[in-house]
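What follows is one structure encoded as structure tokens, with my remarks underneath.
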Amino acid sequence: MILKLSILFFSAVCVLLSSCTSAISSKGTRITSVRTTAYTHSESDHIIYGARTAVGTPLKYGMVRSAAADWSVFPVGTIFQIEGTPHIYQVDDYGSALVGTNTIDIYQPSKSQMNAWGVKNVNIRVLKWGSFSKSVAIMKERQGYGHVRNMVNRIQRS
């Protein structure tokens, strides 16, 4: 019964996420000991972007939450769940400090929540992999920034 409810929930999330082009697997790909940190829109290095993602959408903090990652590792649109939590995360942001680190940055709506998250090694389940080609298309015009150029080059070398 729980598995059926989980599949229904993940299917509903898929329908709600316009970037979802394939069915979400209820099993997914399990990745152990992923380093996670947290960020918020009011940090000094994010404040110029406001509460918006690199995709240009508002940062999400509900049942579906925004996450930032190195798009050459976790491409834009990747949907995952941190084991033991009910929330679904969507990679819709990136950050210069994430490139080459295999770290996922979890969006938190306040500095106190960001600080409370700290640094955690977690197990994640990737429910749907994003798109490297979509990642490159978004970053194409931003290659004046070294970290963006590095992500594009890593994707193109793969």
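Which members of region 54-100 meet the condition of being of a type outside the set (Val, Ile, Thr), farther than 17 Å from residue 153 by Cβ and under 9 Å from the mean Cα position of the chain (by Cα)?
65, 66, 67, 68, 77, 80, 89, 90, 92, 93, listed by residue number.
Where residues in region 105-142 are in a loop (DSSP other than H, G, I, E, B) and among the hydrophobic types (A, V, I, L, M, F, W, C), which of them is nearest to residue 77 (Cα to Cα)?
The residue in question is 129.
Against the condition basic (Lys, Arg) and free of Cβ contacts under 8 Å to residues at least 24 places away in the same chain, how does residue 125 come out, does it pass?
no
Within region 88-104, track down each residue that is part of a loop (DSSP other than H, G, I, E, B), closer than 19 Å to residue 51 by Cβ and modelled with pLDDT of 95 or more.
Scanning region 88-104 gives a single hit, 94.
Take the residues of region 23-46 that are surrounded by 13 or more Cβ atoms within 10 Å (Cβ to Cβ), polar (S, T, N, Q) and part of a loop (DSSP other than H, G, I, E, B): which is modelled with the lowest pLDDT?
My answer is 25.
Can you pull out every residue in region 105-158 that is among the aliphatic types (A, V, I, L, M) and touching a strand residue (DSSP E or B) at 6+ places or on another chain (Cβ under 9 Å)?
Matches in region 105-158: 106, 114, 116, 119, 122, 124, 126, 127.
Residue 105 - would you say it is in contact with a Leu (Cβ under 7 Å, 6 or more places away or on another chain), within 30 Å of residue 156 (Cα to Cα) and among the charged types (D, E, K, R)?
When the stated conditions are applied, residue 105 passes them.
The values are calculated or read from the model by the stated rules, or taken from the named source; none is laboratory data. Treat the numbers as computed from the prediction; the structure is a model and nothing was measured. So basically every Cβ, Gly included, is an ideal-geometry build from the backbone, and we count neighbours across all protein chains shown.
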